[in-house]
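Derivation of every value follows stated rules applied to the coordinates shown; laboratory data play no part. Quick caveat: nothing in here was measured; it's all calculated off a predicted structure. Cβ placement follows ideal geometry from the backbone for every residue including glycine, while neighbour counts extend to all protein chains displayed.
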Amino acid sequence: MMLDVIKKGEICKILFIDPEMEVGQKLFDMGFVPGTKVKMVRNAPLKDPIKFMVRGYLISMRRNEASRIEVDKINE
């Protein structure tokens, strides 16, 4: 599944980030690396941007960027 489809409060683990993405390196620098847990915190009223909790930080990203990050939902 892709990161843009998880719902508020759900937690997932990053499996793969598209290396061709413009902000790919920036995401790696901010902690979006395979194996990292991500929690969806907030969805803007018009569905963009999406806010995630990663390693104790809140990070906002566009839906089209999140759609290029493959994740696996985990139950906690």
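For Lys7 and Tyr57, the FRET efficiency from 1/(1 + (r/R0)^6), where r spans their Cβ atoms and R0 equals 25 Å, is about 0.75.
In the list (i) 3, 18, 31, 31, 14, 3, 0; (ii) 3, 12, 17, 15, 13, 13, 12, 8, 4, 2, 1; (iii) 3, 15, 27, 31, 18, 5, 1, 0, the label attached to P(r) over Cα pairs in 5 Å bins from 0, in percent as derived from the coordinates here is (i).
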